[in-house]
Structure formats: structure tokens, C-alpha cells
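First up is the structure itself, then whatever we jot down about it.
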Amino acid sequence: MEIERLQAMVRDTYGARDRARGVEGTFAWFVEEVGELSRAIHRQGHDERMQEFSDVLAWLASLAELTGVDLAEAATRYADRCPKCDASPCVC
Ligand SMILES: [Zn+2]
């Protein structure tokens, strides 16, 4: 799935609820999901990790949507090199 499509799906499916919750509440959910991802990475198997990675991506897309950020455009910063040292592989 392309990032544009993920953000559009999140906007269409969760946009109204996300706007009602607001940025702060949505950010709190995002952080909760990052915690669940940490547990999955350290104590669970591949299926749980896959689910938590997808949840974190969806909440990240919700936050991008709420704050007017185009995730696909943001991702281009890492499209072909490290944005700090401008090299690939990174040398910084
Ligand atoms: Zn670098």
C-alpha cells in the first residue's frame, strides 16, 4: 500500500472521530500504540509485531492528517539518502 492511500483511508475512515478527539488526544493514543509496539518487539511474535506496526502507522497517519502534513511528502525526506549527511549508506 502506498503512503498516500494509507493517509486517504485513515482520513475517510477515522477523520471525523480524529477531529472530534483532537491533536492532543490522538497523540496520546499514538504514544499508547508505540508502547504496545515496544512490548510486541521485546516480548511477542511476528504476528503481534505486524499488528502493532500497522496500528502505529495508522495513528501516525491520523496525526499527520490532523496537523495538515502530507505523510508521503514527509517520507520523501528519506527517499534516497540520509537527510543529515546526504549519503547512503549513512556516514553520520
Ligand atoms: Zn547520516
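Out of contact with any Asp or Glu (no Cβ under 6 Å at 6 or more places or on another chain) and under 17 Å from Arg21 (Cβ atoms): is that true of Leu60 in this structure?
Taking the combined requirement at face value, the residue satisfies it.
Pairs please, first residue from the stretch 1-25 and closer than 14 Å to Thr67 by Cα, second anywhere and outside any helix (DSSP H, G or I) and acidic (Asp, Glu), Cβ atoms under 8 Å, 6+ apart in sequence or on different chains.
Gln7/Asp70
Kindly indicate whether any position in the stretch 52-60 is farther than 16 Å from Tyr14 by Cα and not small (Gly, Ala, Ser).
yes
Where a number appears in this text, it was derived from the coordinates with a stated rule and is not lab data. Nothing here was measured: the structure is a model prediction, and the numbers come from that model. Every residue, glycine among them, receives a Cβ derived from its backbone with ideal geometry; neighbour counts consider all protein chains shown.
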